[in-house]
1. How many residues are within 11 Å of another protein chain (Cβ to nearest Cβ), closer than 16 Å to A:E268 by Cβ and more than 17 Å from the chain's Cα centre (by Cα) when one looks only at the stretch A:26-50?
2. So, in the stretch A:134-179, exactly how many residues are away from chain B (no Cβ under 14 Å) and not acidic (D, E)?
3. Got at least one residue in the stretch A:215-231 being touching a Leu at 6+ places or on another chain (Cβ under 7 Å), under 28 Å from A:L28 (Cβ atoms) and facing chain B (nearest Cβ under 10 Å)?
4. Name the single residue, out of those in the stretch B:62-120 being aliphatic (A, V, I, L, M) and in a loop (DSSP other than H, G, I, E, B), that is modelled with the lowest pLDDT.
5. Of all residues in the stretch A:102-159, count the ones that are assigned to a loop (DSSP other than H, G, I, E, B), free of Cβ contacts under 8 Å to residues at least 24 places away in the same chain and out of contact with any helix residue (DSSP H, G or I) (no Cβ under 9 Å at 6 or more places or on another chain).
6. For the stretch A:232-257: of the residues being among the aliphatic types (A, V, I, L, M) and within 14 Å of chain B (Cβ to nearest Cβ), which is nearest to the chain's Cα centre (by Cα)?
7. Would you point out which residue out of B:A389, B:A379, B:A365 is of a type in the set (A, V, I, L, M), surrounded by 20 or more Cβ atoms within 10 Å (Cβ to Cβ) and at pLDDT 85 or above?
8. Can you tell me which residue is nearest to B:A367 (Cα to Cα) among those in the stretch B:246-261 that are crowded, with 22+ Cβ neighbours inside 10 Å and not polar (S, T, N, Q)?
Amino acid sequence: MRPHFFAPWFAVLLACSAAHAAAGELRLLTHASFAVPQPLLAQFEKEAGVTLRITKSGDAGEMLNKLILTRANPVADVVFGIDNVLAAKALAAQVLAPLEGTAPASAEALAGALPDTLAPVDYGYVTLNYDKAWFAKRKLALPQSLDDLAQPAYAKLTVVQNPATSSPGHAFLLATIGALGEEQAFAWWGRMRANGLKVVKGWSEAYYTEFSHNGGSRPLVVSYATSPAAELFYAKTKLAEPPTGSLTLRGAVFRQVEGAGLVAGGRERAAALRFVRFLQSAPVQQALQTEMWMYPATRGVARAEALRHAPEPSRSDTPPAQAIADKGADWVRRWTQVVLK
Amino acid sequence: MKLRARWLLGTVPLAFLLVLLVAPAARLAMEGGQLPWSTPWQDAYLRWRIEWSLAQALVTCVGTLLLGVPVAWVLARFEFAGRSWVLHALMLPFVVPNLVAAMGVLALLGPQGVVQALGGAALDSGPWLLLYGNLFFNLCLVVRACTEALGQVSASRIAAARTLGATPWRVFWRVEWPAMAPWLLSALCLVFLYCASGFGLALVLGGQEYATVEVEIYTLVAHELELAQAAALALWMLGLTAGLALGYTALARGLAAPQRADTVPRRRPQGVGQWAAVAVALLVLALVCAAPLVAIVAKTLHAGAAAWGVLWEAGTLQALWNSLRFTLMAVGLATLLGLSHALAARRSTLLRALAFLPLVLSPVAVAFGLLLLYPQWTASLALLVGAYALLAYPFVAQSLAAGLDAMPRHLGQVARSLGASPWRVFWRVTLPLLRPALRRGMAFAAATAVGEFAVTLFLSRPEWATLTTRVYEYLGRPGAANRDAALVLACLLMALALLAFAVIESTNDAMKESTRRA
């Protein structure tokens, strides 16, 4: 064996060492659903004089854990997508740095939803969605309460996401506890299990393989209050009304508030802060409504026309932030015990 | 090859494994602190997960064996129009994003599927759907390996056996089966490891009740940060499956026998019986492997012309370019690694078993470990391509190892005695003989790289989005237009992959043709 054989390896080594890395670069860590129009991002880069390096990292819970694991040597300067479920965990792990300067006013209802280190960017509601055609065809009345769902008439009709692997799934679990109390809620989950509840890993699996609207067998799925409006927006032919609807049953509505923050130990502090404010600015707030299908958090931003079909639920069953912080992980473990084991 | 040179060559893939796989996993385990070794066995739920993971992998192995070997025999012995395209298309299940494949399966077997419409029973979920998903995904591994092995069985041995009065059945058991066994074992070992650490399609189809251990590890690492428990679980699985991989390599080396260069020519089927055999083999492949893919294409065509507009979006073009260049880079790197590893591991069972490591070690643990160990490299192109290559190169190494075992040794010795240098022997004798195995390995490596194994777990940047990533982005939003866009992109991905397989394996037949004529 002559040295020739190693020649390709040197090429590989050279190629690897050539890659790297940059001053004037702002590193954003976010979840997979982050979507802001490219022209807006380009404009931000120009005005702030930095290059934006976006890293998408699974769903929000996974993203926060990556941030926590690398806190000694942060992989980002600014983070978007930490919500009111995860905020306490982020605070406890001290991965966020204080925000300076004055923030734009948020919608009144959002006061106190997030800690000071997170600037509210958008909010939405995790709710049950139903397939209108399915219910019309079977002439089955829509469920009026969580209890209905546990009745034989609604057996094997509901699909939820595993709270251990999905943020809407986790939010839905929290809503049931917020409204019914821990013991009652887990009793209900136990009855749901007996009534043929289906559990899948994430939102996409639930919506695109189990929901009857997309070829599955379950006409009730945990999704968002805005999903019917998105169904209309992305319909192939012009429809008069959405093919799906959102239910606001007591114990099944969770308000999720997403925030952006500075990463403790990150670089480019000024640009990072500027990016947080950029996310709260009117153009982004306007665009995110039909990009991420969330409501704008900044006060006074007009609602997109498309969201007219997504009325905001008048109330939610979100438990207090402190309770989520103290018991969130235990609840997920107990849920696994009750529903899966 | 001298011993020193071999070890020198081995250091390259071993260093790669150490840096990109072992060190990150060890780092993650260290972060977790004291490992709760006994927990996985004390907890009845986790024990059931481990047992179920191994059991469904075993059942899948038996299923692919029973279905795969007869199909492979037909494909290896008979020549018919479109045969090579069947072999290329067999690898498509590796390429299709899991969620899209699941949508295809449901369009057939689901509650609103074709079978239901024809009056059959719908498979909602459960172990049967999961096992079907496993077969859909893994049958190609066994069929491809066995087809290649059977194509290399010595024609004169078969002729001799037939002349001495052996029935075709007896020829199969006494001549063909022993020649095929090492390849078959290699493929079955891959199938088992894939299913045991399964994370994809089977999971979508089976539902959470039938989740494998890998899902538990994913939950523990990515969502609960219970690193110690995750590491203990991952090490248990590593121990159980590594035992298997070692056992396999020991067995494979014992079975390996150099083959002769006179291969059996394929002939056109004659008579009703042979045509029927071809028809049945194609029917099995159509039902198990092709049907869900056809359902996807049918759904896409049904979606109407408007859906195809997604093909001209700027994002799609960029994703297409990314898919192409990442695959090219990953396959290049995987080929170098696989070739180095296979050549170095020719006489070492342990070294050979190590090539399975990327399939055995929990990918979630590795992904998070990489983040911990090399934070400055996160979301760097080198790490991304390295990770792709890491998951792709076991296919090249395994395929080549089987090819090397079967290679007649005297050809190299003749070349040496005629004065060729070792390098020249490698270039002019070993490599040409290995070419079919190398091409098969590269095709599978390409399929792995285009597919989604790495995509969902590693950090990604929007400008590096591949077609697979785009499919998942579309399926992350509600709405018919999004669903259709995802289906169109999945079809594009399949077409592209088919083309890639054809290119990688094309000169294969042409070469054989020319050597035969010469």
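1. The qualifying residues number 2.
2. Summing the residues that are away from chain B (no Cβ under 14 Å) and not acidic (D, E) in the stretch A:134-179 gives 23.
3. yes
4. B:L118
5. 4
6. By that ranking, first place goes to A:L232.
7. Within the list B:A389, B:A379, B:A365, the selection yields B:A389.
8. B:Y248
The values are calculated or read from the model by the stated rules, or taken from the named source; none is laboratory data. All values derive from a computational prediction rather than experimental measurement. Note that we place each Cβ from the backbone using ideal geometry, even for glycine, and neighbour counts take in every protein chain shown.
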